[in-house]
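S.K.: Sharing a structure with you now.
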Amino acid sequence: MLRFLTAGESHGKALVTILEGLPAGLAIDFEAVTRELRRRQGGYGRGRRMAIESDRAEPLSGVRHGLSTGAPIALMIPNKDWENWQRTMHVEPEQPAGATGPDRPMVTRPRPGHADLAGVVKYGHDDIRNVLERASARETAARVAIGAIARQILEQVGTEIVSHVTSIGLVSLPDALAISFEDARAIGDDAPLHCVDPRVEREMIAEIDRAREAGDTMGGSFEVIAHDVPPGLGSYAQWDRKLDGRLAQALMSIPAIKAVGIGRGPAAASLPGSRLHDEILPRHGLQGPQGPQGPQGRQPVVGVSRPTNNAGGLEGGVTNGEDLRISGYMKPIATLMKPLGSVDLTTMTESPATIERSDVCAVPAAAVVGEAMVALVLADAAMEKFGGDSVQELVDNFRAFRDRTAARFAPRQ
Ligand code: EPS
């Protein structure tokens, strides 16, 4: 079982994460981890915090001479902004001598839509800062760092994960499912919103600009696409083994995600079965996984053809060998520069909500976090199916399954 925990406050010293269950012998590429962290920091609509940070994960354990040992991997991502917050966020009972940054007053006016009010009620705090520091989406940097390691496990079974932004506010791509894995993979890292269509992207930017000028914020949606996913991950046999349920929980756990769609998503409810379900046709003239495209599982393992993929690669909670497609729908960020009405909890009188530094739109960042969460769930499901305490064992088991399956379901000429 691959599992992880994170710790750390937005303006504390650092974020920390532990990834447990990683097989031994994985040559971990930490530059790839840094690249993913950089992707998360980008995107049009981000605020000033991202100009301060240049996130890097420092490995503390579980890796020796570049290879995973099978022991838990601990990573630390220092917060550069800590320099400006030591007097506000110190751990010690008294402010330590030499602590830097201003002394900030208590936060007492909860922001509608943030964890502020529910958090102080639940934990009995007076200062909302005790809530918002941990509820902040800053925590997702830790998920992206370990997600980058999960991706490296998935590479061993040939799986790649990409994402693209499908809507901002009311501006959306006409049909996200029409975008192929290759189209989404080809989006340049410099694309401001990571949308496949530059014309739609310009309209999305205008939507964000309008929100910024009005002191408002903007949500949107993104789709994660995983390609060459081994068939047979997850199970229909028990509710908590269904991979669609596991993926939905993983995506819903990203701050501000309010809905998740798999394949055609909620639109599936309004189509007749004859137009929704993806027909199964014989595949002709293709060779098995050992064919011309090499031994990396690049050829379909199951020798059938699916002309459509409304199911998003999952049937019965099990991967079917098609691209896995899952969308996340993000509400607008709760911190508004023109704040909504609230109550000051010290006096219980009407007062506008607190203004904290924030982003106008973080949908592109949420898409990168979505990729990381999908990677973590798929890597866990792959470990569950193929097992192994070393990467070699995992790959051997995967190849045996793939080759046996490809032979059983080979197209008949
Ligand atoms: C974020 C860091 C935060 C916010 C944002 C996401 O930094 P700061 O609070 O210092 O500006 O930019 O978090 C929120 C909008 C939120 O409501 O939590 C990050 O690293 O992604």
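Any read-out appearing in this document is the output of simple, stated calculations on the displayed coordinates, not a laboratory observation. Predicted, not measured: the structure shown is a model, and the values here were computed from it. Because the Cβ atoms are built from the backbone with ideal geometry, glycine has one as well, and the counts that use them run over all protein chains shown.
S.K.: Among V131, A237, L177, pick out the residue whose Cα is farthest towards the positive end of the charge dipole of the chain, where Lys and Arg carry +1 and Asp and Glu carry -1 on C-beta, about the Cα centre.
M.R.: The residue sitting most towards the positive pole is A237.
S.K.: Let me ask another. Using r as the Cβ-Cβ distance of A97 and A14, and R0 as 22 Å, what FRET efficiency do you calculate, to the nearest 0.05?
M.R.: 0.55
S.K.: Suppose every K and R has +1 on its Cβ and every D and E has -1 on its Cβ; what is the size of the dipole of the chain about the Cα centre, in Debye to the nearest 20?
M.R.: 540 debye
S.K.: Could you run the Debye sum over the Cα atoms of the chain, one equal point scatterer each and no solvent, and tell me log10 of I(q)/I(0) at q = 0.12 Å⁻¹, two decimals?
M.R.: Each listed q maps to, in turn, -1.02.
S.K.: Rounded to the nearest 500, what is the 222 nm mean residue ellipticity of the chain from helices alone, with -39500 (n - 2.57) per DSSP H run of 4+ residues and division by all residues?
M.R.: My calculation for the chain gives -9500 deg cm²/dmol from helical runs alone.
S.K.: Can you find, among A57, V120, V304, the residue farthest towards the positive end of the dipole of the chain? Put +1 on the C-beta of Lys and Arg, -1 on that of Asp and Glu.
M.R.: Result: V304, furthest along the dipole toward the positive end.
S.K.: Would you look at the GNM of the chain, springs on alpha carbons closer than 10 Å, and say which of S358, S305, S167 moves the most?
M.R.: Among S358, S305, S167, the largest GNM mean-square fluctuation belongs to S305.
S.K.: Which lysines, on any chain, are close to K80 with Cα under 19 Å apart, when same-chain ones fewer than 8 places away are left out?
M.R.: By straight Cα distance, K80 reaches K13.
S.K.: Using 0.36 nm times the number of residues separating A71 and A32, minus their current alpha carbon distance, what extension gain do you get?
M.R.: Fully extending the segment from A71 to A32 adds 12.0 nm.
S.K.: Find the relative contact order for the chain and round it to a whole percent, using C-alpha pairs within less than 8 Å whose residues are 6+ positions apart.
M.R.: 23 percent
S.K.: Given labels modelled 7 Å from the Cα in the Cβ direction, how far is it in nm from R241 to D126?
M.R.: It is 5.3 nm.
S.K.: Next question. Quick test of the membrane-span-like rule: which DSSP H helices of the chain reach at least 18 Å along their long axis (C-alpha atoms) with mean Kyte hydropathy at least 1.0? Show your work: numbers first, answer last.
M.R.: Values: long enough: 140-155 (22 Å, 0.84); 198-213 (22 Å, -1.15); 363-386 (33 Å, 1.38); 391-408 (25 Å, -0.72).
Those that clear 18 Å and a mean of 1.0 are 363-386.
S.K.: Please give the FRET efficiency for R275 paired with L170, using the beta carbon to beta carbon distance and R0 = 30 Å, rounded to the nearest 0.05. Could you put the intermediate results ahead of the total?
M.R.: On the way: r = 26 Å, r/R0 = 0.85.
Computed FRET efficiency for R275 and L170: 0.70.
S.K.: So, one more: Any idea how far apart A206 and E53 come out in nm if each label point goes 7 Å out from Cα toward Cβ?
M.R.: Placing both labels 7 Å along Cα→Cβ, they lie 3.2 nm apart.
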